[in-house]
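A short write-up of the structure that comes next.
The values are calculated or read from the model by the stated rules, or taken from the named source; none is laboratory data. Worth saying up front: this structure is predicted, and the values here are computed from it rather than measured. Every residue, glycine as well, gets a Cβ built from its backbone with ideal geometry; the counts of neighbours run over all protein chains shown.
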Amino acid sequence: MSGLTKDTPTPTEIKLHQTSHKMEIAFDDGNRFELPYEYLRVYSPSAEVRGHGAGQEKLQFGKKNIEIEHIEPVGNYAVCLFFNDQHNSGIYSWDYLYDLGAHYETFWNDYLKRMEAAGASREPASAQYAERPKGK
């Protein structure tokens, strides 16, 4: 992530698709990405997720069914996403959103590998308990 410059692509359209749980974002360079809400949540640029330095990242789990309740602009360089788990401290700059879109497959596969290595689940805790068989 290089930061915002005069050459940073900027969004021309941002749509939340509540049925598919994806945020569609079109940029002025012609690229368009559909980013799953879960992906946006687990890659939040907040200190809660990224920590305050290298090696302080916190693996996010149980976010499979996360919702974005609304979105607010932050100046003319970013947006803040309000998730239904009360997370709203990440400021998603245009260059960060572009990077998430351009590298979706790599980042998502990395996330899945980290989840597997940690023995963690994408399912929310309530769903994990609901799937367990009831004792006799």
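Out of Ala47, Ala54, Ala26, I need the residue that is without any contact (Cβ under 8 Å) to a residue 24 or more places away in the chain and surrounded by 12 or more Cβ atoms within 10 Å (Cβ to Cβ). Which one?
Being without any contact (Cβ under 8 Å) to a residue 24 or more places away in the chain and surrounded by 12 or more Cβ atoms within 10 Å (Cβ to Cβ) holds for just one of Ala47, Ala54, Ala26, which is Ala26.
Any idea which of (1) more than 11 Å from the chain's Cα centre (by Cα); (2) at pLDDT 95 or above is the one Leu81 doesn't satisfy?
(1)
If I filter the range 15-33 for residues that are of a type in the set (A, V, I, L, M, F, W, C) and not in a strand (DSSP E or B), do I get at least one hit?
no
In this structure, is Leu112 more than 18 Å from Arg32 (Cβ to Cβ), in a loop (DSSP other than H, G, I, E, B) and of a type in the set (A, V, I, L, M)?
Spelling it out, it is not the case that Leu112 is more than 18 Å from Arg32 (Cβ to Cβ), in a loop (DSSP other than H, G, I, E, B) and of a type in the set (A, V, I, L, M).
Each row is one residue, and each column tells you yes or no for (1) in contact with a strand residue (DSSP E or B) (Cβ under 9 Å, 6 or more places away or on another chain); (2) modelled with pLDDT of 95 or more; (3) among the aromatic types (Phe, Trp, Tyr).
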residue: Pro36; (1), (2), (3): yes, yes, no
residue: Ser89; (1), (2), (3): yes, no, no
residue: Trp94; (1), (2), (3): yes, yes, yes
residue: Tyr98; (1), (2), (3): yes, yes, yes
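Tell me which of these Asn76 doesn't satisfy, since it passes every other one: (1) over 17 Å from Thr8 (Cα atoms); (2) not in a strand (DSSP E or B).
Going through the list (1) over 17 Å from Thr8 (Cα atoms); (2) not in a strand (DSSP E or B), Asn76 breaks only (1).
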